[in-house]
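Reviewing the structure listed below.
The values are calculated or read from the model by the stated rules, or taken from the named source; none is laboratory data. Computed from a prediction, not measured in an experiment: that's the story for all the values here. Glycine gets a Cβ as well: all are built from the backbone with ideal geometry, and neighbour counts include every protein chain shown. Quick note on the areas: whole protein, heavy atoms, side chains included, nothing else; ligands and nucleic acids left out. Shrake-Rupley method; radii C 1.70, N 1.55, O 1.52, S 1.80 Å.
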Amino acid sequence: MDQTHSAPPGRHAVLTRRTSETDITLQLSLDGTGRAEIQTGIGFFDHMLTAFARHGLFDLRVEAKGDLHIDSHHTVEDVGIVLGQAVAQALGEKRGIRRFGQALVPMDEALAEAAIDVSGRGHLAWDVRFAREAIGAMDTQLVEEFFRAFAGNATLTLHVVQRAGHNAHHVAEACFTAAARALRVAVEIDPRIAGEIPSTKGSL
């Protein structure tokens, strides 16, 4: 596996990950305007990542080539890995951030809630059910796999709970949007703590 990291000034990250299964280049700015350029070869996944960037106000560029002739698992999971690593890198020591974020998001009949603690400990708690096995070319079980890879590599605690809904597209989009909105709050700079690390331990 070949993986490179670089960090431009500010809360940005540029990462490349190459394995025998995927080739991914990702650029992230936490303090963006919601611009997204996404090419993964999986149309529904592109749509979800675009929503994630837009509602989190992150600038996100993803170019991913994966072994889609097998299935979409490796591509979705590996993008989650790289995006999580990008968030961790862009946050650095996590000085001055709010740390916690929560969002409750409706999408027509669907309702999803996400809560985040940028704790330094990667964990996903997932309580979401899909009525279909796939949305387009993407297996619905890969939504959980994406968030598990993301949370683990961003070293944050993420809870995602489905409160209502039966349309798989709406449920998935509510989950991505809620996670984005919660992350947006959690990584915002809180002027009241004046650059301190938001932990009684002094580190995250």
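The table that follows gives values for the structure above.
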{"read-out": "Checklist (1) free of Cβ contacts under 8 Å to residues at least 40 places away in the same chain; (2) open to solvent by 50 Å² or more (accessible area, probe 1.4 Å); (3) among the small types (Gly, Ala, Ser) applied to Ala194, failing item", "value": "(1)"}
{"read-out": "From Ala114, Ala110, Ala64, residue being crowded, with 21+ Cβ neighbours inside 10 Å and in contact with a Cys (Cβ under 8 Å, 6 or more places away or on another chain)", "value": "Ala114"}
{"read-out": "Residues within segment 81-101 that are in contact with a helix residue (DSSP H, G or I) (Cβ under 8 Å, 6 or more places away or on another chain) and open to solvent by 50 Å² or more (accessible area, probe 1.4 Å), tallied", "value": "2"}
{"read-out": "In segment 161-191, residue surrounded by the most Cβ atoms within 10 Å (Cβ to Cβ) [restricted to those that are of a type in the set (Asp, Glu) and within 18 Å of the chain's Cα centre (by Cα)]", "value": "Glu173"}
{"read-out": "Set Leu124, Leu158, Leu104: member being in a strand (DSSP E or B), farther than 16 Å from Met48 by Cα, open to solvent by less than 10 Å² (accessible area, probe 1.4 Å) and not charged (D, E, K, R)", "value": "Leu158"}
{"read-out": "Count of residues meeting criterion [of a type in the set (A, V, I, L, M) and either on the phi > 0 side of the Ramachandran plot or assigned to a strand (DSSP E or B) (or both)] in segment 26-68", "value": "8"}
{"read-out": "Members of segment 127-143 found to be closer than 18 Å to Thr157 by Cβ and out of contact with any Cys (no Cβ under 9 Å at 6 or more places or on another chain), listed by number", "value": "Asp127"}
{"read-out": "Near pairs, Cβ below 7 angstrom, 6+ apart or cross-chain, from segment 130-144 (open to solvent by 80 Å² or more (accessible area, probe 1.4 Å)) to any residue that is of a type in the set (Val, Ile, Thr)", "value": "Arg132/Thr140; Glu133/Thr140"}
{"read-out": "Enumeration of residues in segment 132-155 that are of a type in the set (A, V, I, L, M, F, W, C) and either modelled with pLDDT under 95 or part of a helix (DSSP H, G or I) (or both)", "value": "Ala137, Leu142, Val143, Phe146, Phe147, Ala149, Phe150, Ala151, Ala154"}
{"read-out": "Residue check for Ala149: touching a residue at least 24 places away in the same chain (Cβ under 8 Å), under 30 Å from Gly96 (Cβ atoms), of a type outside the set (Asp, Glu) and touching a His at 6+ places or on another chain (Cβ under 7 Å)", "value": "no"}
